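This report refers to the structure that appears directly beneath it.
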Amino acid sequence: MGREVKRVALDFDWPWGEIYAGFLCPHWPDACDPDVECKDCATGWKPTEPPAGPGWQLWETVTEGSPITPVFATQEGLVQHLVDHGDGIRKFPRDIAIRLANLGREFPAGS
């Protein structure tokens, strides 16, 4: 299960679990044949990240990407949320939550 910590604007407000629109090609699916690589998507369109800022937020990266926690003003706020509430699937032991926040993404087991 892919997880990534993004640094976003403190007032960034996107529904949890909903794929961020900036990661979705606006040409898909209306102007694209699903069986053929879309020329517009492949050559002209580039995804856009959410607005950058000092906030800390955990995203899932299994789909195109969506936020799965609130935005926190501090890294410690995100860590405490992961310990208390988890990521929607599981709660994290404090040492793992700190490691995830420091690394910025999940890490393979045993590393």
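The values are calculated or read from the model by the stated rules, or taken from the named source; none is laboratory data. Everything numeric in this text was worked out from a predicted model, so none of it was measured. We place every Cβ from the backbone using ideal geometry, glycine too, and count neighbours over all the protein chains shown.
Residue count for the stretch 91-109 under the criterion of being surrounded by 15 or more Cβ atoms within 10 Å (Cβ to Cβ), part of a loop (DSSP other than H, G, I, E, B) and without any contact (Cβ under 8 Å) to a residue 12 or more places away in the chain: the result is 1. Counting the residues of the stretch 52-90 that are surrounded by fewer than 14 Cβ atoms within 10 Å (Cβ to Cβ), at pLDDT 95 or above and not in a strand (DSSP E or B) gives 6. Give the stretch 14-39 a look and list any residue that's modelled with pLDDT of 85 or more and surrounded by fewer than 10 Cβ atoms within 10 Å (Cβ to Cβ), or say none. Residue satisfying the conditions is 15 alone.
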